[in-house]
Each structure stands twice: as structure tokens, then as C-alpha cells.
């Protein structure tokens, strides 16, 4: 029957799309928490093989705060 082919394909497509959006949401939340928590930012840097001093940490936090991670448009004055 035709539904033996259509239902698995539709399920796969819906799962891929849902997984993508869940992944984007999770990644954005992780980046937002790193802005507020310097320990998490330091831990991520160490996992990538970098050892940051205090000045580099402050610069990295400032860069992350200046980026538009929330998807909201900033008003220009």
C-alpha cells in the first residue's frame, strides 16, 4: 500500500525539521548562558585548547554581548 512508503518519509522529514529547530534553540541558550557565566566560557576555551587570561576573557565576553544572538533587531539611534 502507498501509506507504507509515505508515512515513514513524512515522519523522517518532520523529525529532521523538529530536531534542527530544537538544536538551534539549545545552542542559543548555551551561548546566552556563557555570556553571563565566565566559568563556562573559560571551560569552553580550555576544551578548544586555549588558556585565556582575565583580559582576554573580558574581551571575549564583550564580543559575545555585542553580537545579536537573540535574533532581536537592535534599534539604532
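Quick note: the coordinates plus some simple rules give every number you see, no bench work behind them. Please read all numbers here as calculations on a predicted model, not as lab measurements. All Cβ positions, glycine included, derive from the backbone under ideal geometry; neighbour counts span all protein chains shown.
Each residue, residue 5 and residue 17, gets one label point 7 Å from its Cα in the Cβ direction; the gap between the two is 2.1 nm. Counting other Cβ atoms within 10 Å as a rough exposure proxy, the listed residues 46, 54 run 54, 46 from fewest neighbours to most. Indicate the gyration tensor shape class of the chain (rounded, prolate or oblate), computed on the Cα atoms with a ≥ b ≥ c the square roots of the eigenvalues: a/c under 1.5 is rounded; otherwise a/b larger than b/c is prolate and the rest oblate. Oblate, because a/c is 1.5 or more while a/b does not exceed b/c. Pairs of Cα atoms nearer than 8 Å and 6+ residues apart set the relative contact order; for the chain it is 25 percent.
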